[in-house]
Amino acid sequence: MNLQPTPCCSKVHARTLLVALLTTLFAVSAHAQSETHAPPFNGIAHVAIRVHDLAASVAFYQKLGFEQAFDLRKDNIPYESFIKINDNQFIELYPVTPKDPIPGFLHLCFEGANLNAIYDDYVTHGLTPTAVRKAGAGNLLFTMAGPLQPSGPQNIEYTQYMPGSLHSKDQGKHLGPDRVATKLIAVALAMKDPAAARDFYINQLHFKPIANDQMDLHMPGESGQEVEIVPATLGTQARLTLQSDNLSKSARHLHKENVAAVKNGVTLTITDPDGNILLLETR
């Protein structure tokens, strides 16, 4: 009996192998292209924190040299204060309310280079962000639920600064010369399941792990800014890492303002009135 494959069968087998190979190569190429061309972020736009006493917290951050750029009011009572780090980065402070009585970390907001492109990319990957809209300060905004934090699902915000917005009108203003830091470079995110949160940020949001610390992730784009995935033991406290141009000068300013700071090597640690942690370092 002749068990050798016929020429016809050999051609069919070869075509099948070729199709499988091309399919695999296309999938790998598409994945690599998606990773390479993920819509970039300009960086961290703001961190929102709920505080016991809005006026006291504003005064504390002013002691650090950070100025209030503007606030939002209802019946002339402020309900949100925008503390300026630089022209593109802010700390947003909200007071506790009977409905929301617990102080601490509220949300992290990323600044998109092209918000609609990020939105479209997320929808293509099966994510469910809210529609892009104009927010109260005049910028584009969308939000999305993220991994589970101690207080519930993470609320992730995305914004794009627009001409004529309150942020854009404040360009070049309220940049205190004595502010102890000039850039927000990393934010810690306390997660119920850090491994699952890391997987979400890498595989869904295109963040990149940093070689020496797999829980520190670079955001898409060239900002070099990071999120740090940490266990839920951090609780609802915010932990922000800020870049100081001159750590010795910052330490002298804090001493002058009677603000306690703990030096640990090349880092200064400050705690705000609600227990939120600010780490100052040089890079």
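General observations
- Tally, over the stretch 167-183, of residues that are assigned to a loop (DSSP other than H, G, I, E, B) and either farther than 30 Å from VAL230 by Cβ or open to solvent by 10 Å² or more (accessible area, probe 1.4 Å) (or both): 10
- Some residue of the stretch 240-249 being surrounded by 18 or more Cβ atoms within 10 Å (Cβ to Cβ) and touching a helix residue (DSSP H, G or I) at 6+ places or on another chain (Cβ under 7 Å): yes
- Scan of the stretch 134-153 for residues that are aromatic (Phe, Trp, Tyr) and open to solvent by 60 Å² or more (accessible area, probe 1.4 Å), ordered by number: none
- Only one of ALA131, ALA186 that is over 16 Å from ARG50 (Cα atoms), open to solvent by less than 70 Å² (accessible area, probe 1.4 Å) and touching a residue at least 40 places away in the same chain (Cβ under 8 Å): ALA186
- Residue in the stretch 154-166 that is free of Cβ contacts under 8 Å to residues at least 60 places away in the same chain, surrounded by fewer than 18 Cβ atoms within 10 Å (Cβ to Cβ) and part of a strand (DSSP E or B) present: yes
The values are calculated or read from the model by the stated rules, or taken from the named source; none is laboratory data. As the structure is a computational prediction, the values presented were derived from the model and not from experiment. Here the Cβ is made from the backbone with ideal geometry for all residues, glycine too, and neighbour counts use every protein chain on show. SASA here: full protein model, heavy atoms, side chains in, ligands and nucleic acids out. Shrake-Rupley method; radii C 1.70, N 1.55, O 1.52, S 1.80 Å.
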